[in-house]
Each structure stands twice: as C-alpha cells, then as structure tokens.
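The next block holds one structure in the form of structure tokens; read it before the comments.
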Amino acid sequence: MNNLRLITMALLMAMISCSDDDESEQQDDGNSTIESYSFTYNETEYEVILEKMSWKEAAAYAKENGGYLAEINSQEEQNTLFTELSKNAGITLTRTTASDGGGASYVWIGGNDISTEGKWMWDGSNAGSGTQFWQGLADGATVGGLYNNWGDEPDDFEGNQDALGFALTDWPLGVAGEWNDLRDSNRLYFLIEY
C-alpha cells in the first residue's frame, strides 16, 4: 500500500511539474524578446537577429518586421557587414553553424535559388522574384555585372542547397566573409536590411 501511495504521489508531482513547465514556456514565448544588434551603413539600417531560424522563417520574420534578408551590392558593403557581424554583433559562432557548409558559422542573407536551380536571386522576403545576380555553380557567371562573393561555391552539395549563407568562419571551400549555398532548413542567425 505504501509503495502504491508513493508511486501515485510521484506521478502527481511529475504531472504538476510538467504543467508548470508548459505554462512557463507559454509565458516565455508570449513575453520574450528576440536578441538583436542594429547598425547603419550608407544610410541603410541593418539588424542581426540572434535567433536561429530556417531561411524561409528568417525571410518571413524580416518581411513581417518591414525588411528583407540583406542584399549585398558592393565590396565596401560586404566589408562593412563582415566587420559588424564578426566584431560587433555579439554572435556566438558555435550557435549558428551549418553541417552541410563544412561546419562553419553563418548568418542568412537574402540570396536563393529556390525557384530555379542555379538561378541565384536577391529575394530576401521569399516573394519568388527578385534580381538575379548569379547563374550556375562555382564555374558559373555573374549576371548583369552584379556583385558576388562566393567561396569555391555554389556547389549544390547533395542536390539540396538553395539558400545563401554569409560565412563567419572558414570552411573547406572558402574563408570567413565569403558566401556559401546551404540547405534552407539549417537554423541560423540572420541579417535583415530595412
């Protein structure tokens, strides 16, 4: 009888504990704020979101907040963004890695070839259209003379890499600051442009 009573009490305590945990998670979700870092370059506002999301979730979040995943159009902009991301944004590199990207650390930016393989577009709100800046794989070509900063990429590794990551660390086919095509299901921090 005592064993049955102890088991019953343990089960009740576990149920109460689970119930409390569920409530606190719901409260945290409703009241939590997403950590971010904002800066301005050339009269454009940027925000680094220190919350891991898939590329599509990040694009939706950016759009809901009045922006889009960043589009990089010059070497000067590239250099400025890399400095902000690597030195000022407070990014914990081990929290934003992609195993299909050589295990390096990345943030999402607005390029993708989701609609047509090899047709890389600036479409940071995932509207299905945008400006094409690259055609093909690593041996492809820039489109319209637009800026790009690929490593020895894109390579469409395993036939499933359709979203653009901005590398914060080196990987076997590139170095920190270069771009890599990644699976859009990776959960990474991201950079919004307003």
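Cβ-Cβ distance below 7 Å, separation of 6 or more or different chains: which pairs start in the stretch 130-143 with a residue that is closer than 16 Å to A163 by Cβ and end on one that is polar (S, T, N, Q)?
Sorted first by the residue in the stretch 130-143, then by its partner, the pairs are F133/T142; F133/N148; W134/T142; W134/N148.
So how many residues does the stretch 82-114 have that are of a type in the set (S, T, N, Q), part of a loop (DSSP other than H, G, I, E, B) and either under 16 Å from D156 (Cα atoms) or more than 13 Å from the chain's Cα centre (by Cα) (or both)?
1
Any chance the stretch 54-76 includes a residue that's surrounded by fewer than 20 Cβ atoms within 10 Å (Cβ to Cβ), part of a strand (DSSP E or B), over 16 Å from the mean Cα position of the chain (by Cα) and in contact (Cβ under 8 Å) with a residue 24 or more places away in the chain?
Checking the stretch 54-76: not a single residue is surrounded by fewer than 20 Cβ atoms within 10 Å (Cβ to Cβ), part of a strand (DSSP E or B), over 16 Å from the mean Cα position of the chain (by Cα) and in contact (Cβ under 8 Å) with a residue 24 or more places away in the chain.
Among the residues of the stretch 131-139, is any in a helix (DSSP H, G or I) and either basic (K, R) or more than 16 Å from G174 (Cβ to Cβ) (or both)?
No: zero hits.
Being hydrophobic (A, V, I, L, M, F, W, C) and crowded, with 16+ Cβ neighbours inside 10 Å is the filter; apply it to the stretch 138-155 and report the residue that is nearest to G177 (Cα to Cα).
W150
Identify all residues within the stretch 169-194 that are of a type in the set (S, T, N, Q), part of a loop (DSSP other than H, G, I, E, B) and buried (at least 18 other Cβ atoms within 10 Å of the Cβ); write none if there are none.
Correct list: T169, N186.
Within the stretch 156-168, restricting attention to residues that are surrounded by fewer than 21 Cβ atoms within 10 Å (Cβ to Cβ) and not in a loop (DSSP other than H, G, I, E, B), which residue is nearest to the chain's Cα centre (by Cα)?
Across the stretch 156-168, the extreme among qualifying residues is F157.
Which ones in the stretch 97-112 are surrounded by 23 or more Cβ atoms within 10 Å (Cβ to Cβ) and of a type outside the set (G, A, S)?
Scanning the stretch 97-112 gives Y106, V107, W108, I109, N112.
Take the residues of the stretch 118-128 that are surrounded by fewer than 15 Cβ atoms within 10 Å (Cβ to Cβ) and out of contact with any strand residue (DSSP E or B) (no Cβ under 7 Å at 6 or more places or on another chain): which is modelled with the highest pLDDT?
My answer is A127.
The values are calculated or read from the model by the stated rules, or taken from the named source; none is laboratory data. As the structure is a computational prediction, the values presented were derived from the model and not from experiment. We place every Cβ from the backbone using ideal geometry, glycine too, and count neighbours over all the protein chains shown.
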